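Take a look at the structure below.
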Amino acid sequence: MTHEKTSSTIFGRLLALPFLVLVPAGQAYCQNSPPLAALMDVLRDRPDRIESGAALSFSCGQTQGDHEKVEAARSLAKLGALALPAVEGALAPYDSLGQPWEYIDSTGLLLSVYSDTKGAAAVPHLRAMLDNPHLAFMQSALDSSMAVALGITSYVSFRSWTVVPTGPPGFCGGQEPRDALNLLLLAWEANSRGLLETSLGPDALAALSSLLNGTTWDAFRARLWRDTPSAVAVGYRFDFPGMWSEARMKVNLEEQRLQGSAPEGLVSPQLSTVFKSSSGVDCGTRRVQFVSRSVGSLGLQTYVVNSADIEGLLHLVAACAAK
(Lines give C-alpha, C1' and ligand atoms only; values in the text may rest on other atoms or scores of the structure.)
Protein backbone atom coordinates (compact mmCIF):
# COMPACT_ATOMS: atom_id res chain seq x y z
CA MET A 1 0.00 0.00 0.00
CA THR A 2 1.45 3.37 -0.98
CA HIS A 3 1.74 6.33 1.37
CA GLU A 4 -0.69 8.35 -0.77
CA LYS A 5 -3.32 5.63 -0.65
CA THR A 6 -2.81 5.16 3.06
CA SER A 7 -3.17 8.86 3.79
CA SER A 8 -6.36 9.25 1.81
CA THR A 9 -7.83 6.10 3.35
CA ILE A 10 -7.11 7.14 6.91
CA PHE A 11 -8.27 10.71 6.32
CA GLY A 12 -11.60 9.53 4.99
CA ARG A 13 -12.16 7.09 7.81
CA LEU A 14 -11.09 9.54 10.51
CA LEU A 15 -13.87 11.82 9.34
CA ALA A 16 -16.38 8.99 9.03
CA LEU A 17 -16.45 7.89 12.67
CA PRO A 18 -16.22 11.00 14.84
CA PHE A 19 -19.55 10.99 16.63
CA LEU A 20 -19.52 8.97 19.82
CA VAL A 21 -20.66 9.34 23.39
CA LEU A 22 -17.84 9.11 25.89
CA VAL A 23 -18.32 8.97 29.64
CA PRO A 24 -16.10 10.23 32.45
CA ALA A 25 -12.90 8.24 32.91
CA GLY A 26 -13.03 5.81 35.80
CA GLN A 27 -16.80 5.34 35.67
CA ALA A 28 -17.85 1.90 36.86
CA TYR A 29 -17.68 -0.61 34.04
CA CYS A 30 -20.68 -2.83 33.41
CA GLN A 31 -19.81 -6.46 34.13
CA ASN A 32 -21.91 -7.58 31.18
CA SER A 33 -19.72 -5.60 28.73
CA PRO A 34 -17.02 -7.36 26.69
CA PRO A 35 -13.51 -7.57 28.20
CA LEU A 36 -10.76 -5.21 27.09
CA ALA A 37 -9.18 -7.64 24.62
CA ALA A 38 -12.52 -8.21 22.90
CA LEU A 39 -13.17 -4.47 22.60
CA MET A 40 -9.75 -3.86 21.05
CA ASP A 41 -10.41 -6.73 18.66
CA VAL A 42 -13.57 -5.01 17.43
CA LEU A 43 -11.53 -1.90 16.66
CA ARG A 44 -8.85 -3.92 14.88
CA ASP A 45 -9.07 -3.92 11.07
CA ARG A 46 -8.96 -7.52 9.88
CA PRO A 47 -9.39 -8.81 6.31
CA ASP A 48 -12.19 -11.15 7.38
CA ARG A 49 -14.19 -8.14 8.57
CA ILE A 50 -14.17 -6.28 5.28
CA GLU A 51 -17.82 -5.73 4.38
CA SER A 52 -17.97 -6.32 0.66
CA GLY A 53 -20.93 -4.37 -0.67
CA ALA A 54 -22.29 -3.89 2.83
CA ALA A 55 -25.47 -1.85 2.96
CA LEU A 56 -25.17 1.52 4.63
CA SER A 57 -27.42 1.17 7.63
CA PHE A 58 -26.59 4.36 9.54
CA SER A 59 -26.65 8.03 8.65
CA CYS A 60 -23.67 9.67 6.94
CA GLY A 61 -22.66 6.39 5.34
CA GLN A 62 -21.97 4.36 8.49
CA THR A 63 -22.16 0.59 8.18
CA GLN A 64 -23.00 -1.96 10.84
CA GLY A 65 -19.26 -2.46 11.33
CA ASP A 66 -18.79 1.26 11.92
CA HIS A 67 -21.54 1.23 14.51
CA GLU A 68 -19.91 -1.70 16.32
CA LYS A 69 -16.62 0.20 16.48
CA VAL A 70 -18.32 3.24 17.97
CA GLU A 71 -19.96 1.04 20.60
CA ALA A 72 -16.59 -0.57 21.38
CA ALA A 73 -15.04 2.88 21.82
CA ARG A 74 -17.81 3.86 24.22
CA SER A 75 -17.10 0.76 26.28
CA LEU A 76 -13.39 1.51 26.30
CA ALA A 77 -14.17 5.00 27.59
CA LYS A 78 -16.17 3.46 30.43
CA LEU A 79 -13.11 1.44 31.40
CA GLY A 80 -11.18 4.68 31.78
CA ALA A 81 -7.59 4.22 32.99
CA LEU A 82 -7.88 0.45 32.73
CA ALA A 83 -8.07 0.76 28.94
CA LEU A 84 -5.34 3.37 28.62
CA PRO A 85 -2.33 1.04 28.13
CA ALA A 86 -4.09 -0.79 25.28
CA VAL A 87 -5.21 2.47 23.66
CA GLU A 88 -1.74 4.01 23.96
CA GLY A 89 -0.23 0.86 22.52
CA ALA A 90 -2.52 1.07 19.50
CA LEU A 91 -1.54 4.72 18.92
CA ALA A 92 2.19 4.24 19.61
CA PRO A 93 3.21 3.45 15.99
CA TYR A 94 2.33 7.01 14.98
CA ASP A 95 5.01 8.38 17.33
CA SER A 96 7.69 6.28 15.64
CA LEU A 97 6.26 6.94 12.15
CA GLY A 98 5.28 3.30 11.96
CA GLN A 99 2.40 1.82 10.03
CA PRO A 100 -0.47 1.06 12.48
CA TRP A 101 -2.41 -0.93 9.92
CA GLU A 102 -4.39 -3.01 12.38
CA TYR A 103 -6.19 0.03 13.83
CA ILE A 104 -6.05 2.32 10.82
CA ASP A 105 -9.83 2.87 10.56
CA SER A 106 -10.26 3.36 14.31
CA THR A 107 -7.58 5.97 14.93
CA GLY A 108 -10.06 8.81 15.44
CA LEU A 109 -12.05 6.77 17.96
CA LEU A 110 -8.91 5.71 19.84
CA LEU A 111 -7.70 9.32 19.98
CA SER A 112 -11.06 10.33 21.40
CA VAL A 113 -10.91 7.64 24.11
CA TYR A 114 -7.31 8.63 24.88
CA SER A 115 -8.19 12.33 25.22
CA ASP A 116 -11.28 11.70 27.30
CA THR A 117 -9.39 9.43 29.68
CA LYS A 118 -6.28 11.60 30.17
CA GLY A 119 -7.93 15.00 29.94
CA ALA A 120 -5.52 17.95 29.90
CA ALA A 121 -2.60 15.55 30.44
CA ALA A 122 -3.09 14.42 26.82
CA VAL A 123 -2.42 17.91 25.42
CA PRO A 124 1.41 17.73 25.11
CA HIS A 125 1.24 14.43 23.23
CA LEU A 126 -1.54 15.62 20.94
CA ARG A 127 0.33 18.85 20.22
CA ALA A 128 3.46 16.89 19.32
CA MET A 129 1.38 14.85 16.89
CA LEU A 130 -0.06 18.03 15.39
CA ASP A 131 3.48 19.33 14.90
CA ASN A 132 4.47 16.21 12.95
CA PRO A 133 4.05 16.80 9.18
CA HIS A 134 3.90 13.05 8.59
CA LEU A 135 0.60 13.03 10.51
CA ALA A 136 -1.00 15.86 8.53
CA PHE A 137 -3.80 13.53 7.41
CA MET A 138 -4.84 13.19 11.09
CA GLN A 139 -5.17 16.93 11.75
CA SER A 140 -8.95 17.02 11.90
CA ALA A 141 -9.09 14.09 14.33
CA LEU A 142 -6.26 15.57 16.42
CA ASP A 143 -8.01 18.96 16.61
CA SER A 144 -11.20 17.24 17.73
CA SER A 145 -9.27 15.25 20.33
CA MET A 146 -7.61 18.42 21.63
CA ALA A 147 -11.09 19.87 22.19
CA VAL A 148 -12.03 16.76 24.19
CA ALA A 149 -8.83 16.94 26.26
CA LEU A 150 -9.29 20.65 27.02
CA GLY A 151 -13.03 20.36 27.69
CA ILE A 152 -13.96 22.96 25.08
CA THR A 153 -16.26 23.11 22.07
CA SER A 154 -13.71 23.22 19.23
CA TYR A 155 -10.00 23.56 18.53
CA VAL A 156 -8.71 24.70 15.14
CA SER A 157 -5.02 24.47 14.28
CA PHE A 158 -2.98 25.53 11.27
CA ARG A 159 0.44 24.38 10.13
CA SER A 160 2.33 25.09 6.91
CA TRP A 161 1.22 21.70 5.59
CA THR A 162 -2.45 22.09 6.49
CA VAL A 163 -4.76 21.46 3.54
CA VAL A 164 -7.06 24.47 3.41
CA PRO A 165 -10.44 23.84 1.74
CA THR A 166 -11.77 26.16 -0.92
CA GLY A 167 -15.23 26.23 0.62
CA PRO A 168 -17.38 24.72 3.36
CA PRO A 169 -16.93 20.95 3.72
CA GLY A 170 -19.71 18.60 2.72
CA PHE A 171 -22.04 17.59 5.50
CA CYS A 172 -25.04 15.42 6.18
CA GLY A 173 -27.88 16.04 8.57
CA GLY A 174 -27.28 19.78 8.85
CA GLN A 175 -24.61 21.85 10.54
CA GLU A 176 -24.17 23.79 13.76
CA PRO A 177 -22.81 27.27 14.51
CA ARG A 178 -19.47 25.69 15.41
CA ASP A 179 -18.97 24.66 11.78
CA ALA A 180 -19.12 28.28 10.62
CA LEU A 181 -16.86 29.52 13.41
CA ASN A 182 -14.37 26.70 12.78
CA LEU A 183 -14.25 27.70 9.12
CA LEU A 184 -13.68 31.35 10.04
CA LEU A 185 -10.84 30.43 12.41
CA LEU A 186 -9.09 28.26 9.84
CA ALA A 187 -9.49 30.89 7.12
CA TRP A 188 -8.06 33.63 9.33
CA GLU A 189 -5.19 31.43 10.51
CA ALA A 190 -4.40 30.43 6.91
CA ASN A 191 -4.80 33.95 5.51
CA SER A 192 -7.50 32.85 3.06
CA ARG A 193 -9.77 35.78 2.25
CA GLY A 194 -12.01 33.70 -0.01
CA LEU A 195 -12.60 31.03 2.64
CA LEU A 196 -13.20 33.66 5.30
CA GLU A 197 -15.89 35.35 3.20
CA THR A 198 -17.53 31.95 2.68
CA SER A 199 -17.99 31.66 6.45
CA LEU A 200 -19.74 35.05 6.78
CA GLY A 201 -23.35 36.17 6.59
CA PRO A 202 -24.65 39.40 5.01
CA ASP A 203 -24.07 41.73 7.97
CA ALA A 204 -20.53 40.47 8.57
CA LEU A 205 -19.71 40.62 4.86
CA ALA A 206 -20.93 44.22 4.65
CA ALA A 207 -18.82 45.14 7.67
CA LEU A 208 -15.75 43.47 6.16
CA SER A 209 -16.29 45.25 2.84
CA SER A 210 -16.46 48.58 4.67
CA LEU A 211 -13.21 47.82 6.51
CA LEU A 212 -11.47 46.98 3.24
CA ASN A 213 -12.67 50.14 1.50
CA GLY A 214 -9.57 52.12 0.58
CA THR A 215 -7.09 49.50 1.77
CA THR A 216 -5.76 46.13 0.64
CA TRP A 217 -6.42 42.75 2.19
CA ASP A 218 -2.72 42.39 3.06
CA ALA A 219 -2.65 45.74 4.84
CA PHE A 220 -5.86 44.93 6.72
CA ARG A 221 -4.53 41.56 7.86
CA ALA A 222 -1.12 42.98 8.82
CA ARG A 223 -2.84 45.51 11.06
CA LEU A 224 -4.68 42.81 13.02
CA TRP A 225 -2.39 39.78 12.71
CA ARG A 226 0.90 40.76 14.35
CA ASP A 227 3.84 38.81 15.79
CA THR A 228 2.05 35.50 15.33
CA PRO A 229 3.96 32.24 14.76
CA SER A 230 3.34 30.24 11.60
CA ALA A 231 2.10 27.24 13.59
CA VAL A 232 -1.02 28.42 15.41
CA ALA A 233 -4.20 27.16 17.02
CA VAL A 234 -7.25 28.78 18.58
CA GLY A 235 -9.94 27.06 20.61
CA TYR A 236 -13.23 28.20 22.06
CA ARG A 237 -16.11 27.14 24.25
CA PHE A 238 -19.72 28.17 23.77
CA ASP A 239 -20.65 29.39 27.24
CA PHE A 240 -23.92 27.56 27.84
CA PRO A 241 -24.92 23.97 28.67
CA GLY A 242 -26.03 21.58 25.95
CA MET A 243 -24.79 19.55 23.04
CA TRP A 244 -23.84 22.56 20.95
CA SER A 245 -21.15 23.42 23.51
CA GLU A 246 -19.74 19.90 23.91
CA ALA A 247 -16.69 18.74 21.97
CA ARG A 248 -18.03 16.99 18.90
CA MET A 249 -16.08 13.78 19.54
CA LYS A 250 -17.96 13.44 22.84
CA VAL A 251 -21.48 13.46 21.50
CA ASN A 252 -23.60 11.33 19.24
CA LEU A 253 -25.23 13.54 16.61
CA GLU A 254 -28.06 11.24 15.62
CA GLU A 255 -29.08 10.06 19.10
CA GLN A 256 -28.78 13.16 21.25
CA ARG A 257 -28.40 16.44 19.43
CA LEU A 258 -31.92 16.48 18.06
CA GLN A 259 -33.53 16.07 21.48
CA GLY A 260 -34.02 19.71 22.35
CA SER A 261 -30.40 20.32 23.32
CA ALA A 262 -29.88 23.36 21.10
CA PRO A 263 -30.35 26.84 22.62
CA GLU A 264 -33.18 29.14 21.73
CA GLY A 265 -32.93 31.47 18.77
CA LEU A 266 -32.07 28.82 16.20
CA VAL A 267 -32.56 31.10 13.20
CA SER A 268 -30.16 33.76 14.44
CA PRO A 269 -28.46 32.60 17.66
CA GLN A 270 -26.09 34.94 19.47
CA LEU A 271 -23.70 32.79 21.48
CA SER A 272 -21.41 33.89 24.28
CA THR A 273 -18.05 32.40 23.27
CA VAL A 274 -14.94 32.03 25.43
CA PHE A 275 -11.87 31.95 23.19
CA LYS A 276 -8.79 29.97 24.14
CA SER A 277 -5.11 29.99 23.28
CA SER A 278 -3.44 26.88 21.84
CA SER A 279 -2.77 25.65 25.39
CA GLY A 280 -6.37 26.21 26.52
CA VAL A 281 -5.87 29.48 28.42
CA ASP A 282 -8.73 32.00 28.27
CA CYS A 283 -7.90 34.97 26.06
CA GLY A 284 -11.25 36.75 25.70
CA THR A 285 -15.02 36.40 25.58
CA ARG A 286 -17.26 37.64 22.82
CA ARG A 287 -20.88 37.23 21.74
CA VAL A 288 -20.80 35.82 18.23
CA GLN A 289 -23.84 36.32 16.01
CA PHE A 290 -24.85 33.52 13.64
CA VAL A 291 -27.58 33.23 11.05
CA SER A 292 -28.97 30.04 9.55
CA ARG A 293 -29.91 29.29 5.97
CA SER A 294 -31.16 26.30 4.01
CA VAL A 295 -28.86 24.51 1.60
CA GLY A 296 -29.72 22.08 -1.18
CA SER A 297 -32.95 20.49 -2.28
CA LEU A 298 -33.48 18.88 1.13
CA GLY A 299 -33.36 22.23 2.90
CA LEU A 300 -30.59 21.20 5.29
CA GLN A 301 -29.75 23.88 7.83
CA THR A 302 -26.33 25.50 7.87
CA TYR A 303 -24.95 28.52 9.70
CA VAL A 304 -22.65 31.45 8.92
CA VAL A 305 -21.04 33.99 11.24
CA ASN A 306 -22.96 37.25 11.01
CA SER A 307 -21.33 39.52 13.61
CA ALA A 308 -21.38 43.14 12.46
CA ASP A 309 -18.24 43.82 14.52
CA ILE A 310 -16.19 41.42 12.43
CA GLU A 311 -13.06 43.48 13.03
CA GLY A 312 -13.29 42.97 16.78
CA LEU A 313 -13.83 39.24 16.35
CA LEU A 314 -10.86 38.85 13.99
CA HIS A 315 -8.67 40.95 16.26
CA LEU A 316 -9.50 38.73 19.24
CA VAL A 317 -8.76 35.56 17.24
CA ALA A 318 -5.40 36.98 16.17
CA ALA A 319 -4.56 37.87 19.76
CA CYS A 320 -5.41 34.33 20.90
CA ALA A 321 -3.29 32.83 18.12
CA ALA A 322 -0.30 34.91 19.23
CA LYS A 323 -0.37 33.45 22.76
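The values are calculated or read from the model by the stated rules, or taken from the named source; none is laboratory data. Note that the structure is a prediction, hence the values are computed from the model and not measured. Ideal geometry is used to build each Cβ from the backbone, glycine not excepted, and the neighbour counts take in all protein chains shown.
Only one of Gly201, Gly194 is farther than 20 Å from Ser292 by Cβ and touching a residue at least 12 places away in the same chain (Cβ under 8 Å); which?
Gly194
Among the residues of the stretch 52-92, how many are at pLDDT below 85 and over 21 Å from Ala141 (Cα atoms)?
Total meeting the criteria: 7.
Please work out if Leu109 is of a type in the set (A, V, I, L, M) and not in a helix (DSSP H, G or I).
Working: of a type in the set (A, V, I, L, M): yes; not in a helix (DSSP H, G or I): no.
Criteria not met by Leu109.
Give Thr228, Thr215 a once-over and let me know the one that is more than 24 Å from Gln139 (Cβ to Cβ) and assigned to a loop (DSSP other than H, G, I, E, B).
Being more than 24 Å from Gln139 (Cβ to Cβ) and assigned to a loop (DSSP other than H, G, I, E, B) holds for just one of Thr228, Thr215, which is Thr215.
Within the set of pairs 6+ apart or on separate chains, which have a first residue in the stretch 129-158 that is in a loop (DSSP other than H, G, I, E, B), a second that is among the hydroxyl-bearing types (Ser, Thr, Tyr), and C-beta atoms under 7 Å apart?
Short answer, once both residue conditions are applied: Ile152/Tyr236; Thr153/Tyr236; Thr153/Ser245.
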